Each structure stands twice: as C-alpha cells, then as structure tokens.
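Report on the following structure.
The values are calculated or read from the model by the stated rules, or taken from the named source; none is laboratory data. What you see is a predicted model, and the numbers here were worked out from it, not measured in a lab. Note that we place each Cβ from the backbone using ideal geometry, even for glycine, and neighbour counts take in every protein chain shown.
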Amino acid sequence: MVAERHDLDDQLLDRLRSGDERALDALIARYHSPLNHLVRRYVGSGDAADDVLQDVFVRIWRTRHTLVLHGSLRSYLYAAARNAAVNAVTSETARRRREALVSESDALAVEPIADAVEQAELEIAVRRALDDLPERCREVFLLCRQHGLSYPEVASALGVSLSTVKTQMGRAMAALARRLTPFLAVVLTTRS
C-alpha cells in the first residue's frame, strides 16, 4: 500500500514538473483533506486553513520546475503545510499585536509608539527572513527555536543526521543574521 502511494505520488510529481494542471488538481484532491486537518490544528478555522493550503499548492505549482524533494512528496506536503500554518499564525499574532498597540496609542506617548512600530517592523522582517530560508533550513530552525526540540530530536523527527541538522541550523542563523543586522544597528543607536 505504501509503495503504491509512493508510486502514485512520484507520477503526480513528474506530471506536475511537466506542467500538467490536472496533476495539480489530483494532488489537491488527494491531500487537501488530511492537510486541512493538520493546518486547522494550528490556525483554528476551516476558512483560514483553506487559505493556507491554497498558498501551499500555489507555491508548489509556481516552483514545480525547480522543486527538489529530500524524501517523499507526502512528507514534503505535510512539512510545507505545517510551516505555512506556523507562518500564518505568526503573522496573525503580529497583526493582532499591531492592532492592539494602535488601539491603545491614544494613551501612549510618542516614543513607546515608535518602539512598537519598530517591534512590528522587526517581526515582519523576521517573518520574511524565515520565509526566504530554504525549506529544510526553515523547517530545522522552526523545530529548534519555535517548538523547542533539541538537535537530536529534530534529526530523528526529520529522518536526517545530526550533522545535517547542525549544518542547516548554522545556515539559517547566518542568513537571519545577515538579514536582521540593520535592525540591530537601529536598536543599538536608538537605545544609547
């Protein structure tokens, strides 16, 4: 049964890469329901889960020619859906924080508002930097930093070596440091 699923997934992936839109329809029909169940656990509502999954499938379609999998298509889809859901929750949380800060702004002085705006901008920059990481780097980073897993736990969960986790985490940290250094400079100069 598992071999049949892998064979069908491989065929769908080959058809996707060749630009067959019906393969995308088949992929959605095959995986939408179980992925929706997973995403709903993160985002709470069915409409939000559908939006997240639509983004996942659109991204797969757009990157179909360069899509490289380091495992099964099923594993890739579950990881992509989980990461997209986590990103959606992070974005929603940041949006709510910004809204709360704006609604409270009448009672706040101008300087704390500027700090809140800088914080919101930093959160957006962090989210974008995470979004720009390669899939494996982002997955490793989120499992370590957001979910609190140790390197050995991440290696076990992803079925990769400890060395791979360390390498991917190092790459993620270096990329984030490059992208977020300008924010550190602003924070240091405004706090002096």
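Residues Leu24, Leu35: which one is within 17 Å of the chain's Cα centre (by Cα) and either aliphatic (A, V, I, L, M) or within 30 Å of Arg96 (Cα to Cα) (or both)?
Leu35
Conditions (1) buried (at least 17 other Cβ atoms within 10 Å of the Cβ); (2) modelled with pLDDT under 85; (3) among the polar types (S, T, N, Q), marked per residue:
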| site | (1), (2), (3) |
| --- | --- |
| Arg82 | yes, no, no |
| Ala85 | yes, no, no |
| Glu118 | no, yes, no |
| Asp132 | no, no, no |
| Cys137 | yes, no, no |
| Ser161 | no, no, yes |
| Lys166 | no, no, no |
| Arg171 | no, no, no |
| Leu176 | yes, yes, no |
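So how many residues does the range 146-164 have that are part of a loop (DSSP other than H, G, I, E, B) and of a type in the set (A, V, I, L, M)?
Looking only at that region, the number is 2.
Per-residue answers, yes or no, for (1) in contact with a helix residue (DSSP H, G or I) (Cβ under 6 Å, 6 or more places away or on another chain); (2) buried (at least 17 other Cβ atoms within 10 Å of the Cβ):
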{"site": "Arg22", "(1), (2)": "no, no"}
{"site": "Arg30", "(1), (2)": "no, yes"}
{"site": "Arg41", "(1), (2)": "no, no"}
{"site": "Gly46", "(1), (2)": "no, no"}
{"site": "Leu53", "(1), (2)": "yes, yes"}
{"site": "Arg62", "(1), (2)": "no, no"}
{"site": "Leu69", "(1), (2)": "yes, no"}
{"site": "Tyr76", "(1), (2)": "no, yes"}
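Among the numbered criteria (1) within 28 Å of Ala125 (Cα to Cα); (2) in a helix (DSSP H, G or I), which single criterion is violated by Leu69?
All conditions pass for Leu69, except number (2).
Scan the range 139-150 for residues that are buried (at least 17 other Cβ atoms within 10 Å of the Cβ) and not charged (D, E, K, R) and jot them down.
Val140, Phe141, Leu142, Leu143, Cys144, Leu149
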